[in-house]
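The values are calculated or read from the model by the stated rules, or taken from the named source; none is laboratory data. All values derive from a computational prediction rather than experimental measurement. Quick reminder, even Gly has a Cβ in these numbers, built from the backbone with ideal geometry, and neighbours come from all protein chains shown. We work out accessible area using only protein heavy atoms, side chains counted, and drop any ligands, DNA or RNA first. Shrake-Rupley method; radii C 1.70, N 1.55, O 1.52, S 1.80 Å.
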Amino acid sequence: MHDMDSLDYHYKMPDTHGHVARLRGGFGGLQQDALYVTDPLALHSILIKDQYNFPESHEFRGLFGIIHHGNPLPCVNGQEHKRQRRILNPIFTAAHVSKLCPLFYDIANQLQNRINKEIGNADKPVRIDMLDHLTRTALELVSQGGIGHSFKQMDADNNTDYNDFIQALRTVLPWASYLFPVLPYLHSLRSIEPTWVRRGLAYMVNYFPWGAARQFKWCVDNMHPVFRDLYHEKKAAFDEHGIEYLKKTSSGGNDLASVLMQVNADADEADALSDELVIATYSAIIHGGQETTSGALARLLTLMARNKDLQNRLREEIKRAYAENGNGDALDYKILDSLPLLDLVTREFLRLYPPVTFVWRRTLQDCVVPLQFPIRDKITGEEKNELLIHKDTSVYIGLAATNMSKAIWGDDAHEFKPERWLNRKSAEGTGYVKTPGIFSNVMTFLGGGRACPGMKFAMLEMKLVLSVILPTFEFLEAEEIVWRLGITVVPTVKGEEDKGLSVPVMVRRM
Ligand code: HEM
């Protein structure tokens, strides 16, 4: 279930074990049984109708609470979660995100320069690790667009100012994925009082005979001080010079943190976010935004490299849009967002290759959820349209598995077919199964009150980066990439799994 090579098991879960499956607890019965749910009606209850009975699991709350040094969105439930979402939601709207377009084009053009530099004068395709370039790009997009700060990842390879921080940010989740056996205890560890006992325990991790735990701690220790210092620097300047200072940053004051700072300054004291919480929110936004999108962008390129015809058609569509509507070397947000083939490809890509495989919840009370796909009672043989879920049950919500259920998407559910979206609308009402996903019936960004607020941000990044690099470069297959289960999915070259994360692609200038 949590094994790095178990992605296929997740993907086939609804087809092989049905849309609700019982998972036997591991470690000789020490762990409780859990449920794996991909049934659309049950998901609707879990994520929307009865969402407060299915809060974020304490496993993930504990893990992300440690990573972010506090309790930002991913770590809180109930009223506190609602309060933070109310403050943050306005800065993630399409209207707001569209203002970041010029900044994003600027960063994507720097990516183009970096690739050009690597190709140099070569007249045949050059093997380039696109994961490295795209991780830098995703970090700059989310750090400049998110907190109005550049880590200078695009312009100099030997800029060492943030080396440890960048290394920590990139590797904290891959290391965390080795910690599954201890996740149930992290939330309780965070609550230990007095603080010096907790700090003492954390310090002892440096001497654990468990490399993954030591590496994870190193990452956490190297992330927090950077976010703390950046925040205090910005806050001091804002307090002294007001909004004018924020407008001078690379985002022109449109980054999420600048807006948050203004909103916070105007909010009632009871509603405002504390300094500690804003710092933890910086961490959650930068980390959540960087980790998911860099992998997604790299995977999208490998897909392009495998499908030359589709790559050519997309390139033609983008070039045509520049010729007809291009303002210099940029496209307007609305035009970019509505390019038909680019839209079909990103939708289908996000359906079939979601960066987050599952999310994890735990029930507060016994409850009954309805089922779209009935199950058969093992003892009586009776068919049931409802499922009783006991209090304190771990519930895995299979995002990737729901996206790939043949009962929901048809027999070709595991195939990449952008054209399926053309017929999707007309199929409504004729066997069309509705899921609670906020994005096109797809579960990739979840649904309900905890759905990903960064969806518009991520979509803009993906479409915009493709619109800049596809007209300039052709991407061709290099080695086979194996995608493995981490907290997000992670790529390695087949046969070189121990050499770390990388996505080599052959690239040539058009
Ligand atoms: C392809 C890119 C992305 C994917 C697939 C993705 C997916 C998700 C998913 C599945 C969740 C729910 C996690 C859970 O409930 O356990 C989530 C939450 C979140 N995401 Fe994203 N995300 C992406 C990009 C972004 C970006 C770019 C940002 C910020 C700019 C972001 C910020 C967040 C935050 C703050 C949360 C916590 C929301 C809450 O708990 O209410 N994400 N994301």
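Each residue of the range 86-95 is assigned a 3J(HN,Hα), and the resulting list reads 4, 6, 8, 3, x, 7, 10, 6, 4, 4 Hz, derived from the Karplus form 6.51 cos²θ - 1.76 cosθ + 1.60 (θ = phi - 60°), x at Gly and Pro. So for the range 7-509, taking the charge dipole from beta-carbon charges (+1 Lys/Arg, -1 Asp/Glu), which of G437, F104, Y231 sits furthest toward the positive end? The residue sitting most towards the positive pole is G437. Residues whose amide H comes within less than 5 Å of that of R484, counting only those at least five positions distant or on another chain, are V490, T492 (H built at 1.01 Å from N in the peptide plane). Would you mind checking the pairs K417/K463; K82/K378; K117/K494; K308/K494 and listing those with alpha carbons more than 29 angstrom apart? Table pairs above 29 Å Cα-Cα are K82/K378. Of S394, T492, N113, which is farthest towards the positive pole of the range 7-509's charge dipole, taken about the Cα centre with +1 and -1 on the beta-carbons of Lys, Arg and Asp, Glu respectively? Towards the positive end, the residue furthest out is S394. Evaluated with a Cβ-only charge set (Lys, Arg +1; Asp, Glu -1), the chain carries a dipole of roughly 500 debye about its Cα centre, given to the nearest 20. What whole number of Å gives the distance from the Cα centroid of the range 255-326 to the Cα centroid of the range 1-65? Taking the Cα centre of each part, the range 1-65 and the range 255-326 sit 27 Å apart. Coupling constants for the range 495-510 follow from the phi torsions by the Karplus curve (6.51 cos²θ - 1.76 cosθ + 1.60, θ = phi - 60°), and in residue order they are x, 10, 4, 7, 8, x, 7, 6, 9, x, 9, 7, 10, 9, 6, 6 Hz; glycine and proline get x. Ordered by 1.4 Å accessible area with all protein chains kept, W360, W218 run largest first as W218, W360. Counting only protein heavy atoms and using a 1.4 Å probe, the accessible area of D3 comes to about 90 Å².
For the range 437-449, 3J(HN,Hα) computed residue by residue from phi via the Karplus equation (6.51, -1.76, 1.60; θ = phi - 60°) reads x, 6, 10, 6, 6, 9, 8, 3, 9, 6, x, x, x Hz, glycine and proline entered as x.
To put it simply, the accessible area of the chain at a 1.4 Å probe is 51 percent carbon and sulfur.
With one equal scatterer per alpha carbon and no solvent term, the Debye-computed log10 I(q)/I(0) for the range 7-509 at 0.10, 0.12, 0.13 1/Å reads -0.82, -1.21, -1.42.
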